[in-house]
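*Asks:* The structure under discussion is supplied below as structure tokens; questions concerning it will follow.
Read-outs: derived from the displayed coordinates by stated rules, not from any lab. Keep in mind that this is a model prediction, so the values were computed, not measured. Cβ atoms come from the backbone with ideal geometry, glycine included; neighbour counts cover every protein chain shown.
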Ligand SMILES: [Zn+2]
């Protein structure tokens, strides 16, 4: 914590240019309490870690759930100065008693309240959801900025995201979605844009690096980054990877998928050409797209050509797989919608590619056989053909 009160109710903020001897003097004279629980806190003036207040061990605080690292304290201070330098009045660690939450930073900007959470450590997903919903319920926009130390970059475009990072995904009209990180070691923002879900953790995305001096709060809220156009090639790389992917220790759901395919006389690596594509809203489903889309295609094959089926039929089929935990979905507190949107968008892709057609009575029917490639080489050629006929952006 960077804020505490003296016992005579004076607020002490450590970001306000103190000298060490002033604070040492203050520490001799005064006792400090936590602004939230009013329990005693110690002023720590070490040389290694940033100066901060910490609860005395026995005193557990209702809002302090995680220990703050120096990286976190430093970043919080930098973000505070970054906002104040833009003449955006910002409160540091204010306690919002109505929801019993204390964001790292709090500000009012262009008619809206923002709670900024600089998240450098891991917190359980339910805690993340509770905090996010708490702010939203008070009409405060929560802005999660993750510590740059958390970013797991596998290559220039492949990333591994934790459940809370997925949950912090914010939709964006042009860039699909966006996620921000801040590195307090080099005072830089990293933004992931157009994040495409490949599995429960892995993602394909474009990373934009900006020095804090070159970006404003407005830029962070309404970014206008330039986007790459190479998604098609990248996605084909992903599809190829899934075809060559030999998982040493497959998960239960992967095993289920493998045996499901084998029972139907095709190898899981030779999954249909029509499966494994990014569609609108696919981030709602954690399971790799080639898996959930193959399940849907197999299901559609149970209907003879020209036989009518409905969206509800397909939705209930997937819902059962989700209930059996073969497929899994995400909670996206910033999104309006549901995983059924992903199913709807996928059916639209199949319509666009002439695999199914819509009937006049809100139903669908299949007009083409599903394409099961006979070899990986054939699959790769036909995946490329398919990709050239759809829009991947
Ligand atoms: Zn406390």
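*Asks:* For an R0 of 25 angstrom, estimate the FRET efficiency from the Cβ-Cβ distance between residue 353 and residue 301 and round to the nearest 0.05.
*Replies:* E(calc), rounded to 0.05, equals 0.95.
*Asks:* Let me ask something else about it. What's the exposure ranking of 191, 200, 375, going from fewest to most Cβ atoms within 10 Å?
*Replies:* With the sparsest Cβ surroundings first, the list reads 375, 200, 191.
*Asks:* Here's a follow-up. Subtracting the Cα-Cα distance from 0.36 nm times the residue separation, let me have the gained length for residue 390 to residue 39 in nm, one decimal.
*Replies:* That pair, residue 390 and residue 39, stretches by 120.3 nm at full extension.
*Asks:* Can I ask one more? To check you understand DSSP bridge types, tell me what percent of the beta bridges within the chain (both residues inside) are antiparallel, rounded to 5.
*Replies:* 85 percent
*Asks:* Specify the angular offset, from 0 to 90 degrees and rounded to the nearest 10, of the alpha carbon long axis of helix 376-388 from the longest principal axis of the alpha carbons in the chain.
*Replies:* Relative to the chain, helix 376-388 is tipped by roughly 70 degrees.
*Asks:* Let me ask you something else. Can you pull the one-decimal nm distance between simple spin-label points at residue 233 and residue 89, each 7 Å off the Cα toward Cβ?
*Replies:* Output for this residue pair reads 5.1 nm.
*Asks:* How far, in nm, would the chain grow between residue 172 and residue 136 when pulled straight, counting 0.36 nm per residue and subtracting the alpha carbon separation?
*Replies:* Additional length available on full extension: 11.2 nm.
*Asks:* Here's a follow-up. May I ask for the angle, rounded to the nearest 10°, between helix 311-323 and the longest principal axis of the chain, with both axes built from Cα atoms and the value confined to 0 to 90°?
*Replies:* Its long axis makes an angle of about 60 degrees.
*Asks:* For the Cα atoms of the chain, what angle does the longest principal axis make with the long axis of helix 125-137, in degrees from 0 to 90, nearest 10?
*Replies:* It works out to around 70 degrees.
*Asks:* Determine the shape class of the range 233-388: with a ≥ b ≥ c the square roots of the Cα gyration tensor eigenvalues, call it rounded for a/c under 1.5, and otherwise prolate if a/b is greater than b/c, oblate otherwise.
*Replies:* Here the range 233-388 falls in the rounded category.
*Asks:* How much length would be gained if the chain were fully extended between residue 221 and residue 368, taking 0.36 nm per residue of separation minus their Cα-Cα distance, in nm to one decimal?
*Replies:* 48.4 nm
*Asks:* Set the Förster distance to 35 Å, then compute FRET efficiency between residue 331 and residue 266 from the Cβ-Cβ distance, nearest 0.05.
*Replies:* Calculated value: 0.60.
*Asks:* Using Cα pairs closer than 8 Å and at least 6 residues apart in sequence, work out the relative contact order for the range 233-388, in percent.
*Replies:* Reported as a whole number, the value is 31 percent.
*Asks:* With r defined as the distance between the Cβ atoms of residue 24 and residue 70 and R0 fixed at 22 Å, what FRET efficiency is calculated, to the nearest 0.05?
*Replies:* 0.65
*Asks:* Remind me, relative contact order of the range 70-227 in percent, using alpha carbon pairs under 8 angstrom and six or more residues apart?
*Replies:* Value for the range 70-227: 17 percent.
*Asks:* Where the convex hull is taken over the Cα atoms of the chain, what is its projected area averaged over directions, in nm²?
*Replies:* Average of the hull's projected areas for the chain equals 22.9 nm².
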